[in-house]
Structures are given as C-alpha cells and as structure tokens.
Amino acid sequence: MINGAVLEKLVEKLERDVHLKEVIKGSATFLILRIFGMVIAYAFTLLVTRKLGASAWGIFALSFTVLQIASVLSRLGLDGALLRFIAQYKAQGKGKTAFSIYLKSLKVVIPISLFLTALLYYLAPIIANEVFNKDYLSEYLQIMSLGILPFTLLFINSESLRSLKKIKEYTFFQSIFPYFLAFAFVFMLLMVSFKLTEKEVVLSFVFAIFITCVFSFLFLIKEFKNLSGNSEEVPLKSILSVSLPMFMSSSLFMVMSWTDIIMLGIFRTQEEVGIYNVAVRLSMITSFTLAAVNSIGAPKFAELWGKKDIEGLKKVAQQSTKLIFWTSAPILVLYLLFPSFFMGLFGEEFKEGALALVILTVGQFVNAACGSVGYILQMTGKQVIVQNVILMSLIINIVFNYLLIPIYGIFGASFASVISVIFWNLVFLLYIKVKYGFWTINLME
C-alpha cells in the first residue's frame, strides 16, 4: 500500500515537472545502453587479457592513450561547442544555423586530424623510444595513428547527436558499437586461427572505429535534414571563441586523466600499466550515472541558461545530483568490501591492483557526489573558469605522480589521481555556490 502510494506520488511529480521527467527519461536511456556498452567493453578487455595477459593490455592502453590525446588536439573543443550551440539554436528554431556550424567545424577538424595522423605515424619510433623507452611500441602507435581522423569525427558526430537529445544514438556510437565490433573481430580471429597477437588487437580496434564513424555520419545527416527554421551567419571566430577554452579544458582534463598511465609507462612496467588500467576502468563504474545524467543534462543546462532560468537550472542540477549520488553509493560499498574479487575477474595477477581500485573508487565517488558541476559551468559560459581549474588540477596530478609513482607504483598513481579529482570537484562546487547562489548537492529534499 505504501509502495503504491509512493509510486503514485512519483508519477504525479514527473507529470508536473517536465524538466525532471526529461532528465530521468534521457538518463535511463543512456544508463541502460551504457551498461550494455560497458559489458561489451569489459568483454573485449577480458578476451584480450585472458588470451595475452596484462602486458598485451598495457600495450593497447598506452597506444589508445596516445590516440585519445591526438583526438583531443584534433577537435579543438568543437565537440563541446557543438553540444552547446546546436542545443541553443534548435531551441530557438534555427536548425539551419546549427547545421552550418557543424559543417564549419568539419572544415577545421579534418585537416588537423590528417596532419596529426601523419605526424604520429612518422614520430612513432621516437615516441616509443624516447618517451616510453619501449622500442616495440612503435608499430602499435603507427597503427593507432590511422584511427585519429575517424575517432575525431566520431566524437564530433556523437556530441552533435547528443545536442539534439538523440541519446540512444549518441550512446550507441560512442560507447557500444566500437567495442562490439572490436570484440567481434578479435573473436573471429581466434575462431579462425586459434591464436591472437597484440598487433591484431590494435588493428581490430582501429577498423571498428572506421566503421562506427561511417554509420554515425549517416544517422547525423538524417537528423539534420529534419531540422527547420531560420538560418543566420555565425562566424568561425565566434565558434572558436567558445570552443578553444573548452579545448583547453578537455585537453588538460584528458592529459590529467591519462598522466598516471603515461608516467607509469615511463617509470614502471607494462604489466603494472595493464593492471592499473583495469582498476581505472572498474572505478569509473562508480560514476556511470554521472555520465548518464550528463548525457541529457548538458543540453538541458544550455537550454535553461539560454532562457536565463536560474531557478530551473538549480532545480535540474540538484535533482541530477541526487540521482547520481544514490545510485553510486552501492557500487562504492561493493568495491570497498570486495576489491580483490573484482580485480581477480581479469586474472590472478590483477589482484595486485585491489588497493588501487579502492583508492580510485573513492575519487570517482566524490566526482559523482558533486554532480554535473563541470558541465553546468561550461554550458553557462564559464568555460574559461573550467579551463583554469583543470590546469591547476593537472599540475597537482603531475607533481604527485612524479613523486609517488617511482616509489609506490600503481598505488602512488591512484592517490595522485584522487587528489586532483577531489580538488577540481570542490572548486567547481564552491564557484557555482558563489556565482549562482546554490549548491548542486541537495541529497535529502
């Protein structure tokens, strides 16, 4: 009886609150698909680690890290700018303007991506030898360099779909299809030859990115054709004035996210890199609802800011944080109680990273508990503030990694990561309170 009454009250609240209904619907869609995507991604990880071990996964992780950094450089923050601009112009009935901004963005990212592809391909031997002190990484970096253009375009396309609130398509192309194809290719190779090499793993992933990119184009163009409304000229300079601070933030954030992997690769063995990478991937599950809420929350924040609805912004932000917090807490408890079990799923040697998993999970939990603070600031024109805070966090991260990794290995890397994550979350949280007059944390009301 009580449960029925509570459910009825919740349904009535959702019917009255259009914003909350949209956030929950979009987040639930993303969450279900993201969980499916994570299962596929972990299946891909398990397949590789079970067949080739931690060393092979370390090679893939280092190569993929370089690809991600190159992709951030190629995008120049235009994926974030498109997320904001397309959502705003669509809400204003200017669909043609949104499409023109997308086309102008392609004219920027394609030449840069091709340049970085050539640069990484020819500099791969130097990077492998001088940066990582691992000559054998050269051929893997060269293969991964071929994925820079499609990987960059995949981000541009998926973020554009997200701005149109096409959450299913956004999640499918960014989180599911690439890993599904990579898993399928590796599995087929094993079925045909009964053996697998590190080179084939990297090739399979790059080929999967190419195919996913093509399909994302087909879906996005179809969505743009359905848009109507007025068109106005938006100079490339205006687009870049928003994208470049976002580029700096995303670049710094990406570097901060992967500094531990890179510095582990420099100071320690590829086995430790592989173990730590798995711990990082597992810890990210703690904040998967943060990503779910952000999937619909970011365009929602941009829409409310465009209408100057601060009260609506506050309400959506606090409702989002509650969803994130209460769904993250159970995962934190499980990781704290059974870290060796979860790490051991990937092989006996991965149990060495149990403590690292606990430390990283605490950091991700703080990240989830603070809510969508970064997106709130970026979607409300405070991208420069985000850029500066992430820069300070990066410096903190590098210093702690440099001091701790040579002595404590993966445990030092995990501690450095947590300190930087807590720092930028708390600064953003306080800034929103000072600037907009509300806390994103409001867990009990």
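Tally up the residues in the stretch 390-406 that are surrounded by 20 or more Cβ atoms within 10 Å (Cβ to Cβ) and either closer than 24 Å to Leu377 by Cβ or touching a strand residue (DSSP E or B) at 6+ places or on another chain (Cβ under 9 Å) (or both), please.
4
Out of (1) at pLDDT 85 or above; (2) within 23 Å of Leu244 (Cβ to Cβ), what's the single condition that is false for Phe44?
Among (1) at pLDDT 85 or above; (2) within 23 Å of Leu244 (Cβ to Cβ), the lone unmet condition for Phe44 is (2).
Within the stretch 97-154, track down each residue that is of a type in the set (S, T, N, Q) and within 24 Å of the chain's Cα centre (by Cα).
Scanning the stretch 97-154 gives Ser105, Ser113, Thr117, Gln142, Ser145, Thr152.
Name the residue that is nearest to Thr197 (Cα to Cα), counting only residues in the stretch 41-51 that are out of contact with any Gly (no Cβ under 7 Å at 6 or more places or on another chain) and surrounded by 20 or more Cβ atoms within 10 Å (Cβ to Cβ).
Val48
Does the stretch 257-265 contain at least one residue that is surrounded by 17 or more Cβ atoms within 10 Å (Cβ to Cβ), modelled with pLDDT of 80 or more and of a type in the set (D, E, K, R)?
yes
Could you list, in sequence order, all residues of the stretch 177-196 that are in contact (Cβ under 8 Å) with a residue 60 or more places away in the chain and of a type outside the set (A, V, I, L, M, F, W, C)?
Tyr179
Only one residue in Lys134, Lys165 is farther than 25 Å from Asn294 by Cα and basic (Lys, Arg). Which one?
It is Lys134.
Return the residues of the stretch 78-94 that are charged (D, E, K, R) and either in a helix (DSSP H, G or I) or without any contact (Cβ under 8 Å) to a residue 40 or more places away in the chain (or both); say none if nothing qualifies.
If the condition is that a residue be charged (D, E, K, R) and either in a helix (DSSP H, G or I) or without any contact (Cβ under 8 Å) to a residue 40 or more places away in the chain (or both), then Asp79, Arg84, Lys90 are the ones that fit.
When the residues of the stretch 302-330 are filtered to those that are among the acidic types (Asp, Glu) and out of contact with any helix residue (DSSP H, G or I) (no Cβ under 6 Å at 6 or more places or on another chain), which remaining residue is modelled with the highest pLDDT?
Only one residue fits best here, namely Glu311.
Which of the following residues is closer than 17 Å to Ser372 by Cα, at pLDDT 90 or above and surrounded by fewer than 20 Cβ atoms within 10 Å (Cβ to Cβ): Phe428, Phe423?
Checking each option against the conditions leaves just Phe423.
Within the group Val192, Val108, which residue is under 27 Å from Gly37 (Cβ atoms) and assigned to a helix (DSSP H, G or I)?
Of Val192, Val108, the one residue that is under 27 Å from Gly37 (Cβ atoms) and assigned to a helix (DSSP H, G or I) is Val192.
Restricting attention to the stretch 193-232, report how many residues are more than 16 Å from Gly147 (Cβ to Cβ) and hydroxyl-bearing (Ser, Thr, Tyr).
The total comes to 4.
Quickly run through the stretch 114-169 and pick out the residues that are in contact (Cβ under 8 Å) with a residue 60 or more places away in the chain and not in a helix (DSSP H, G or I).
Result: Phe132, Asn133, Lys134, Leu146, Gly147, Leu164, Lys165.
Need pairs with beta-carbon distance below 6 Å; first residue more than 14 Å from Leu103 (Cα to Cα) and within the stretch 217-242, second modelled with pLDDT under 75 and assigned to a helix (DSSP H, G or I); sequence gap 6+ or separate chains.
So the pair list comes out as Leu227/Gly95; Ser228/Gly95; Gly229/Gly95.
Out of the residues in the stretch 81-104 meeting the condition of being modelled with pLDDT under 85 and either of a type in the set (Lys, Arg) or under 20 Å from Trp258 (Cα atoms) (or both), tell me which one is surrounded by the most Cβ atoms within 10 Å (Cβ to Cβ).
Arg84
Being touching a Phe, Trp or Tyr at 6+ places or on another chain (Cβ under 7 Å) and within 27 Å of Ala128 (Cβ to Cβ) narrows it down to one of Val206, Val201, Val273, Val255, so name that one.
Of the residues listed, the single one that is touching a Phe, Trp or Tyr at 6+ places or on another chain (Cβ under 7 Å) and within 27 Å of Ala128 (Cβ to Cβ) is Val201.
Which helices (runs of 4 or more DSSP H) sit wholly inside the stretch 333-387 and have at least 3 residues that are at pLDDT below 85?
In the stretch 333-387, 354-370, 373-379 are the helices (runs of 4 or more DSSP H) which contain 3 or more residues that are at pLDDT below 85.
Quick check: anything in the stretch 296-314 in contact with a Lys or Arg (Cβ under 6 Å, 6 or more places away or on another chain), more than 28 Å from Arg75 (Cα to Cα) and surrounded by fewer than 23 Cβ atoms within 10 Å (Cβ to Cβ)?
no
Going through Phe180, Phe217, Phe205, Phe210 one at a time, which residue ends up being in a helix (DSSP H, G or I), buried (at least 22 other Cβ atoms within 10 Å of the Cβ) and within 21 Å of the chain's Cα centre (by Cα)?
Going through Phe180, Phe217, Phe205, Phe210 in turn, just one is in a helix (DSSP H, G or I), buried (at least 22 other Cβ atoms within 10 Å of the Cβ) and within 21 Å of the chain's Cα centre (by Cα): Phe205.
Yes or no: the stretch 404-412 includes at least one residue that is in a helix (DSSP H, G or I) and farther than 17 Å from Ile359 by Cβ.
Yes, the conditions are met somewhere in the stretch 404-412.
The values are calculated or read from the model by the stated rules, or taken from the named source; none is laboratory data. Remember, it's a predicted structure, so these values are computed and weren't measured experimentally. Note: ideal-geometry Cβ built from the backbone for every residue, glycine included; neighbour counts use all protein chains shown.
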